[in-house]
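> Okay, handing you the structure first.
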Amino acid sequence: MRSRNPVFSRRGFSRDNGYAGFNASPQAGGPAVGTQANPYAQGNPYANNPYAQADLQQGAPPQAPATTGRMTMDDVVLRTASTLGTLIVTAALAWALLPVDDANINRSYGIAVGAALIGMVLAFVQSFKRTATPALILSYAAFEGVFLGVLSSIVDNRIASGAAMQAVLGTMAVFAGVLVAYKAGWIRVNRRFYGFVMAAAVGFILLMVVNMLFAVFGGGDGLGFRSGPLGIFFGVVGIILGACFLALDFKQVEDGIAYGAPKQEAWLAAFGLTLTLVWIYLEFLRIIAILNSND
């Protein structure tokens, strides 16, 4: 079944309406092989849906859709660049227009928290939708950018100078490293990998929620999972999980292109990549802040 969790949902691995499965190898004009051995492999679902072009008059079986209207790597790159570009622009504007000095930090931080909540709601709405809504995805990126801009400014100006750039470089390094490892075949995204990542991510988020509840109702740092040595440890765990989600995102893109997903699916790929990169960036920023606050 497809995960209904908006953080963990990966369309590439759904059995109900997704377009690919683990270990499924597409064939030109036909379904994937190996579907009996793998319950996640559904062949090419686009061969029997409105996107497929069947020649009913000739009695020919449905074929994969024509090249026009199918998702390509260029589509994914363009949509991802648009989404990340929107996020970066709004982050830069928030950094410049929302000062974090002693007189304005509460107001700026309040705006950032409000933007984060709106962004989270938009992300949930898009995650539960079956189709991509570009305006919704770009709006999420814009509000998330405001939050990241203010938060990065606070850490950079009040805790560790240069922290934002270090977090950006770290995120880029993880992205490049996972991409190289995935293309080289060092990371094999299969059913076991997917299950392990999902279980680890659920456990990680539950621990963070418990820690947050202890912090809210008990004061201080809660159970200490997000500060001090434990905070550094869980920050590293968070980055590793983010790297695993990147591999799932790459698999989603690869399967979508191989199975002739419609062009609109490129927006969902961009949305997933943006969510993952934001996750990794925040973990890097947290680790840098903890390391410098202990100096």
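> Quick one: divide the alpha-carbon radius of gyration of region 194-295 by 2.2 N^0.38 Å and tell me what you get.
Values: Rg = 16.6 Å, N = 102, 2.2 N^0.38 = 12.8 Å.
For region 194-295, the normalised Cα radius of gyration comes out at 1.30.
> Taking neighbour counts of Cβ atoms within 10 Å as a proxy for exposure, in what order, fewest first, do R226, R188 appear?
Working: R226 20, R188 12.
The fewest-first ordering by Cβ neighbours comes to R188, R226.
> If you don't mind, another one. Could you give me the ³J(HN,Hα) list for region 204-214, computed from phi with Karplus coefficients 6.51, -1.76, 1.60 and θ = phi - 60°, whole Hz, x at Gly and Pro?
Listing the rounded values in order: 4, 5, 4, 4, 5, 5, 4, 4, 5, 5, 5 Hz.
> For K129, give me every one of the lysines with a C-alpha distance below 23 angstrom, ignoring sequence neighbours fewer than eight places off in its own chain.
K251, K263
> Something else: Give me Rg over Rh for region 73-293, both radii from the alpha carbons and Rh done the Kirkwood way, two decimal places.
Values: Rg = 17.7 Å, Rh = 18.3 Å.
With Rg and the Kirkwood Rh in hand, the quotient comes to 0.97.
Readers should treat all values here as calculations from the given coordinates under stated rules, not as data from a laboratory. The structure displayed is predicted, hence computed values, not measured ones. Reconstructed Cβ throughout: ideal geometry from the backbone, glycine too, with neighbour counts over all protein chains shown.
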